[in-house]
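Step one of this worksheet: look at the structure below.
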Amino acid sequence: MPLIKTELGGLRLSAAAALTVGIVGVSFALLSNSQAILLDGLFNLCYFATTLVTFKVLRMVHRPDDDQYPFGYGYFESLVNAGKGLLILGISVIALFDSLAALLTGGRAIAVGLAVGYAMFATFTCTLTALSLHFARKRIDSPLLQADCENWVVNSIISAAVLLTFCLVPLIEALEWDMAVPYVDPVLVGFVVLVCIGVPIRMAGRAFTELLNKTPPDSVAKPVTHAIEKALAGLPTERIYTRMVRPGRTLYVIVHVVLNKRFPLEGLEQLDRIRHDVDAAVRNVHAHTVVDVLFTAHERWAAPIAPSNGAYRTNDMAP
């Protein structure tokens, strides 16, 4: 099993595997007349193309923020994962309609021997790649690797299902169910698409949620909130408002701390020490983090503005 030491190494392995399986898949599809194999080959070639974009995004997300992108490049990571999910979903839907058309027109004859040979190759390659990325994810925190790993898990399931089904064709012929043989390939395509279609939907949905700046799931948000509250426990706080979003791997956290008006402020250095403590506490639970801590004695500067209430009244701004 290939040992992946870096995020870039994992993406390179994924790209090489996708290109290899794609070329072999399209070649065998032309020889065997199998739409299931063609689906697999085209899927991998398209995925290889998106992986080339991923290399560029990987370099971008490590850049600091600048004048053009004041909040950094993390959103490109979510954008790529959304594109991958939609790509897989689009190919799956096209393949599903094609399989339905084949079923309505008498099925499709295939060269079973070639199909079984490809399915064995694809199952081995996809499973090896999926396992390699799975173990790499345990050491490397990367949404890009996570998306690729999910892709190869789906790919492995598809290839294994193709292999199993094509191996059953000789049995069907032995039982003299020759009428059923032309329907094996389109039925297989439809089955695989329906079983696996949830993966690209979840992948794209998660990415769009990040792009829309929705609060991260509780598994991410709760530990961060708890760490912030613990770091501020020694202060006379009236209220703490925490807002966070997570585009890709980077978690952006804004903490508004409403302090008691009688808080004995010693100076700006005191507030900077508190910011440092909060930042360190958050990084202990989420490494890729940007934390802003703001202090105020008036809750109106920290509380969310309800759209139905409009702007604050002028007298609300008085100290």
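Things to note:
- Heavy-atom SASA rank of 165, 215 (probe 1.4 Å, accessible area, largest first): 215, 165
- FRET efficiency, residue 30 to residue 131 (Cβ-Cβ, R0 30 Å, nearest 0.05): 0.50
- Prolate/oblate/rounded label for the range 80-133 (Cα gyration tensor, a/c 1.5): oblate
- Semi-axis lengths (Å, descending) of the ellipsoid that matches the C-alpha gyration tensor of the chain: 53, 20, 15
- Cα gyration tensor category, rounded, prolate or oblate, for the range 1-69 with a/c compared to 1.5: oblate
- Our estimate of slack between residue 197 and residue 93, defined as 0.36 nm per intervening residue step minus the Cα-Cα distance, is 36.6 nm.
- Mean projection area, nm², convex hull over Cα of the range 52-196: 10.6
- Beyond 18 Å, the tail of the calculated P(r) for the range 125-203 holds 53 percent of the Cα pairs.
- About the centre of its Cα atoms, the chain shows a dipole size close to 700 debye [charges on the beta carbon of Lys, Arg (+1) and Asp, Glu (-1) only; nearest 20 debye].
- Whole-percent carbon and sulfur share, accessible surface of the chain, 1.4 Å: 65
- Simple spin-label estimate for residue 276 and residue 219 gives 3.4 nm between the two label positions (7 Å along the Cα-to-Cβ direction from each Cα).
- Computed helical MRE - 222 nm, the chain, DSSP H runs ≥ 4 contributing -39500 (n - 2.57), nearest 500: -22000 deg cm²/dmol
- Using the empirical formula 2.2 N^0.38 Å as the baseline, the Cα radius of gyration of the range 168-319 reaches a ratio of 1.81.
- Estimated FRET transfer efficiency when R0 is 51 angstrom, pair residue 260-residue 179 (beta carbons, to 0.05): 0.05
- By average C-beta atoms within 10 angstrom, highest first, the peptides 274-284, 294-304: 274-284, 294-304
- When the charge dipole of the chain is built from unit charges on Cβ atoms (+1 for Lys and Arg, -1 for Asp and Glu) and taken about the Cα centre, the candidate among 240, 252, 4 whose Cα reaches farthest toward its positive end is 240.
- P(r) tail fraction, the range 206-256 - alpha-carbon pairs more than 17 Å apart, %: 37
- The lysines within cross-link reach of residue 214, meaning a Cα-to-Cα straight distance under 23 Å and a gap of 8 or more places when in the same chain, are 84, 222.
- Test item: Cα-centred dipole of the range 152-230, Lys/Arg +1 and Asp/Glu -1 on Cβ, debye: 680
- With each label modelled as a point 7 angstrom along the Cα→C-beta vector, the residue 268-residue 67 pair spans 2.4 nm.
- Protection proxy ranking of 58-67, 92-101 - average other beta-carbon atoms within 10 Å, highest first: 92-101, 58-67
- Geometric extent, Cα atoms of the range 106-150 - Rg, Dmax (angstrom): 15.8, 50
- Span-like helix check, the chain: qualifying full DSSP H segments, with Cα axial length of 30 Å or more and mean Kyte-Doolittle of 0.0 or more, are 7-32, 35-61, 74-104, 112-137, 143-174.
- Segment residue 239-residue 292, length gained on full extension (0.36 nm per residue, minus Cα span): 17.5 nm
The values are calculated or read from the model by the stated rules, or taken from the named source; none is laboratory data. Everything quoted here is computed from the prediction, not taken from an experiment. Note that each Cβ is placed from the backbone with ideal geometry, even for glycine, and that neighbours are counted across all protein chains shown. Accessible surface is based on the protein model in full, side chains and every heavy atom, while ligands, DNA and RNA are left aside. Shrake-Rupley method; radii C 1.70, N 1.55, O 1.52, S 1.80 Å.
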